[in-house]
Amino acid sequence: MSYLKSLEGLVFDNSYARLPPHWFVPTAIRPLKRLHLISFNPPVARQLGLDPCGVSPTELARVCGGEIDWPGSEPLAMKYAGHQFGSYNPELGDGRGLLLGEVIGPAGERLDLYLKGAGKTAFSRFGDGRAVLRSSIREYLASEAMAGLGIPTTRALCLLGSEEYTLREGMEPCAMLLRVTSSHIRFGHFEHFYYRGQHEDLRRLAHYCIDRYYPQLALAEQPVAEMFAEVVRRSAELVALWQAYGFVHGVLNTDNMSIIGETFDYGPFTFMDHYEPDHLANKNDHAGRYAFSRQPSIVLWNLAALAQALLPLVERARLEAELDRFEPLYAAAQLNRMRARLGLQTTRPEDADLIARLEAIWTEQRIDHTRFMRRLSQWQPGDARSRDALLALSAQPEAVVAWLRRYQLRLEQEAASTPIRQAQMRSVNPRFILRNYMAEEVIREAHQGDYRPLNALLPVLRHPGDQHDRFSGYAEAPPEWAEAIHLTCSS
């Protein structure tokens, strides 16, 4: 495969910019002072068709900062709406980000370039349209961590810093993030047209999504209904992966739900240090709406909100039938991933209860489930050393011992040898996850102008199952001070 050699060589074809003008507002990037490159993402560059070695950091900062034009781009702020913490808000839109355009990648795929922190737009309301370094680093790291785990996610081509400050939690440095994904269409785009009674726009949006993201459905008898069915399936499988790895999104509003089933709009997210079903990532979530254990039901609630918006296009009975598929789809996906994490390649009726009991032990003892599963990948019957490593994570070892007996009986029904099982388990049980304290350490150094820790952490997140001996401390228990980290919507 041959790659383009410069940013100017990217092929733009901006289909969203050709949609009706009341769907968006063309908006120029507002430059930041002394914008500079903090981190560049070669895997994403290759996805776009860029040669990572052929990109000039100075040129990248200048085009992202609006100092010079990016040939082919047409920056715009999209209008949408959404349910935020359960209440409908019609006043939403791209308030601090701009869709720069759509790039045609080497394989013909269409990818959005979206600049976060681009400055004030028509939808900024009382905000300044800026992103701060703290939250930009968190999103950059999180998207790489999710990609490393195989969880669908947006990613970013680069992270840029500046010498300009804005008021958030005190005065903080501004930053920009160039996000890359196939789609920036949110459930809230559909809600906007539905609640305004603009049903022809709603129809056009649905068919735009089918043409661009679900072309295989274009000739179906009911293409919009089939698209909704696919969104239900992808969303169920996405939240199943979140639950399997202890990821808490924090702000699962409908405007933060992607029409293609990706993890979208990172804010006060958390990978739990200890298994805690009631864990809240967002300290602003006083009612506990977006607690870890509630994420599947909230995703279903959001899908129901999308179904409501599609009523002018699809019969209610069909939409309700698709919603009824969510829970079995979710349960099957979550069970399948947990089977894989346990090294089970066959299906047995008792598997769900085996997994439920393990999760109950994690809950009762607040076990570090990530480290537990990694150590379980090394465990083998009769080996005291691997057993003791597991029991060291437990406050009540007898419960774990009892569970291991059940697990051993289940493994005896598998054909795979112990080495094969262990290798398979290591491939889906990470040694490293992005814990909050790791991001906090990187942010502290970045605020002092040292970006080396951030860039050094990226390979660990992209390949979380590898040894990375230099970072072995990150595979151990988090420090005590990590408990004091509090995240809010500004995170």
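Derivation of every value follows stated rules applied to the coordinates shown; laboratory data play no part. This is a predicted model, so every value here is computed, not measured. Using ideal geometry, Cβ is built from the backbone for each residue, glycine included, and neighbour counts are taken over all protein chains shown.
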query: So if R0 is 35 Å, what FRET efficiency would Gln345 and Glu480 give, r being the distance between their Cβ atoms, rounded to the nearest 0.05?
result: 0.35
task: Could you state, as a whole-number percent, how many of the C-alpha pairs of the stretch 211-285 are farther apart than 17 Å?
output: 53
Cα gyration tensor, the stretch 31-117 - rounded (a/c under 1.5), prolate or oblate: prolate
task: Go through the stretch 303-352 and name the GluC sites (Glu not before Pro) that are in a DSSP coil and have 12 or fewer other Cβ atoms within 10 Å of their Cβ.
output: Glu315, Glu350
task: Measure off 7 Å from each Cα along the Cα-to-Cβ vector at His22 and Arg385, then give the distance between these two points in nanometres to one decimal.
output: 7.1
query: For Glu364 and Arg452 in the same chain, what is the full-extension length gain: residue separation times 0.36 nm, less their Cα-Cα distance, in nm?
result: 27.8 nm
- prompt: Which aspartates and glutamates, on any chain, are close to Lys33 with Cα under 20 Å apart, when same-chain ones fewer than 8 places away are left out?
  reply: Glu59, Glu67, Asp69, Asp128, Glu163, Glu164, Glu172, Asp450
- prompt: After finding the eigenvalues of the alpha carbon gyration tensor for the stretch 103-205, what semi-axes result from the square roots of 5 times each, listed largest first in whole Å?
  reply: 27, 22, 12
query: Rounded to two decimals, what ratio of Rg to Rh does the stretch 21-178 give with C-alpha atoms and a Kirkwood Rh?
result: 0.96
message: Positive end of the dipole of the stretch 188-336, charges at C-beta (+1 Lys, Arg; -1 Asp, Glu), about the Cα centre: which of Ala229, Gln243, Phe193 has its Cα farthest in that direction?
response: Phe193
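Could you tell me which of rounded, prolate or oblate describes the stretch 15-58, using a ≥ b ≥ c as the square roots of the eigenvalues of the alpha-carbon gyration tensor, with rounded for a/c under 1.5 and, failing that, prolate when a/b is larger than b/c and oblate otherwise?
Judged from the Cα gyration tensor, the stretch 15-58 comes out oblate (a/c at least 1.5, b/c at or above a/b).
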statement: Given the candidates His369, Ile420, Ala482, the one whose Cα lies deepest towards the positive end of the charge dipole of the stretch 345-491, counting +1 at each Lys or Arg C-beta and -1 at each Asp or Glu C-beta, is Ile420
- request: State the percent of C-alpha pairs, over all pairs in the stretch 384-457, separated by a distance greater than 16 angstrom.
  value: 69
statement: For the chain, using Cα atoms only, the Rg and Dmax in Å read 23.0, 69
query: Which value, in debye to the nearest 20, describes the size of the charge dipole of the chain about its Cα centre when Lys and Arg Cβ atoms bear +1, Asp and Glu Cβ atoms bear -1, and nothing else is charged?
result: 380
- request: Taking H placed 1.01 Å from N in the peptide plane, check which residues at least 5 places from Ala175 or on another chain put their amide H under 5 Å from its amide H.
  value: Ala131, Val132, Leu133
task: Please compute the Cα-Cα pair-distance distribution of the stretch 188-336 with 10 Å bins starting at 0, giving whole percents from short to long.
output: 11, 40, 33, 14, 2
3J(HN,Hα) from dihedral phi, the stretch 473-479, Karplus parametrisation 6.51/-1.76/1.60, rounded to Hz, x for glycine, proline: x, 6, 8, 9, 4, x, x
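Can you put Asp450, Asp255 in order of Cβ neighbours within 10 angstrom, beginning with the fewest?
Asp450, Asp255
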- line: Total charge of the residues flanking Gly105 in space, meaning their Cβ is under 12 Å from its Cβ, with Lys and Arg +1 and Asp and Glu -1, is -2
query: For the chain, what is the calculated [θ] at 222 nm in deg cm²/dmol (nearest 500), taking -39500 (n - 2.57) for each run of four or more DSSP H residues and dividing by its residue count?
result: -12500 deg cm²/dmol
message: Which residue, Val63, Leu48, Pro90, has the largest displacement toward the positive end of the dipole of the stretch 7-184 when charges sit on each Cβ (Lys, Arg +1; Asp, Glu -1)?
response: Pro90
- request: Note the full-extension length gain between Arg110 and Ala415 as 0.36 nm times their separation in residues minus their Cα-Cα distance, in nm to one decimal.
  value: 105.5 nm
message: For a distance above 14 Å, tell me the whole-number percent of Cα pairs in the stretch 210-253 that qualify.
response: 59
- prompt: Arranged from highest to lowest average of other beta-carbon atoms within 10 Å per residue, in what order do the peptides 290-300, 211-221 appear?
  reply: 290-300, 211-221
task: Kindly put Thr27, Thr263 in sequence by how many other C-beta atoms sit within 10 Å of each C-beta, fewest to most.
output: Thr27, Thr263
message: Under 16 Å from a point placed 7 Å out from the Cα of Arg406 along the Cα-to-Cβ direction: which residues of the stretch 347-369 have their backbone N that close?
response: 348-365
field: Calculated diffusion of the stretch 345-491, Stokes-Einstein form, Kirkwood radius summed over Cα pairs, 4 °C and 1.567 mPa s, µm²/s
entry: 75
